[in-house]
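I have placed the structure first, in the form of structure tokens, so that the comments after it can refer back to it.
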Amino acid sequence: MAKLALFVLVASFASANILAAPWQDSDMDGVPDRKDACGDTPPQVAVDASGCPKSGMTKQGIKVMPQLCLRTSHAQWYPEGCSDTELSSVAVRFEFARADVLLSQYQVLERLARWLSSTNVILQLVGHTDSVGEPDVNLQLSLERADKVKKSLVEQFGFAANRFQIKGVGSLFPVATNQSAYGRALNRRVEFVVIVQ
């Protein structure tokens, strides 16, 4: 009987170890990967419970402003001096046929919000879709996506609504092929353009 109890105890311990997933933290910010909304946080950056940077502060309390290089409405680069080789890949991505901003995209919005806090620019939020569906439906969906991103920046990050203009272009300007699921996923986005007055 004692051997049976010992066997059951050892078997349950062994199965618990086999079933337990390792606690991984790839960016070593203290938040496990499966709960980390910002899985590529740089070293020494203080994070919140979701694993995203806390208002751009490092663990030493030094404010970190992201350097972004964005296109302007006049086909130039902002800030002056950056080039197309330095163009920042800043886009909010979306699920198929949806306009809701995904939790996984808040790291993009956080990065943009920190940058916006250090500038006085006005941004055009340009919504895009993949090529699946009717063009008029895609045009409306792309406009809704831009509007949802604007609402997030205004309501969750506290920016004035007049700092943003929205535009929907449907599937007219893909950044990847629409012949693959991966390419279509890249095309479902909102991009940011600096408005030059």
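Tabulated data for the structure shown
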| item | result |
| --- | --- |
| Condition check for Gly133: more than 22 Å from Leu70 (Cα to Cα) and either of a type in the set (Gly, Ala, Ser) or part of a helix (DSSP H, G or I) (or both) | yes |
| For Leu103: the one exception among (1) farther than 23 Å from Gly170 by Cβ; (2) crowded, with 17+ Cβ neighbours inside 10 Å | (2) |
| Selection count where residues are of a type outside the set (A, V, I, L, M, F, W, C), modelled with pLDDT of 95 or more and either over 12 Å from the mean Cα position of the chain (by Cα) or over 22 Å from Lys35 (Cβ atoms) (or both), scope region 88-105 | 3 |
| Residue count for region 115-164, restricted to those that are polar (S, T, N, Q) and either farther than 18 Å from Ile195 by Cβ or at pLDDT 95 or above (or both) | 9 |
| Val108 being within 23 Å of Tyr182 (Cα to Cα), at pLDDT below 95 and either open to solvent by 10 Å² or more (accessible area, probe 1.4 Å) or in a loop (DSSP other than H, G, I, E, B) (or both) | yes |
| Of all residues in region 145-197 being among the small types (Gly, Ala, Ser) and surrounded by 16 or more Cβ atoms within 10 Å (Cβ to Cβ), the one that is nearest to the chain's Cα centre (by Cα) | Ser152 |
| Yes/no for Lys167 being among the basic types (Lys, Arg), within 21 Å of Pro53 (Cα to Cα) and modelled with pLDDT of 95 or more | no |
| Region 41-87, residues that are within 20 Å of Glu191 (Cβ to Cβ), within 16 Å of the chain's Cα centre (by Cα) and at pLDDT below 70 | Pro66 |
| Condition met for Gly158 (more than 16 Å from Ala97 (Cβ to Cβ) and assigned to a loop (DSSP other than H, G, I, E, B)) | yes |
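The values are calculated or read from the model by the stated rules, or taken from the named source; none is laboratory data. Note that this is a predicted model, so its numbers are computed, not measured. Cβ sites come from the backbone with ideal geometry, for glycine too, and all protein chains shown count toward neighbours. Surface accessibility is based on the protein's heavy atoms, side chains included, excluding ligands, DNA and RNA. Shrake-Rupley method; radii C 1.70, N 1.55, O 1.52, S 1.80 Å.
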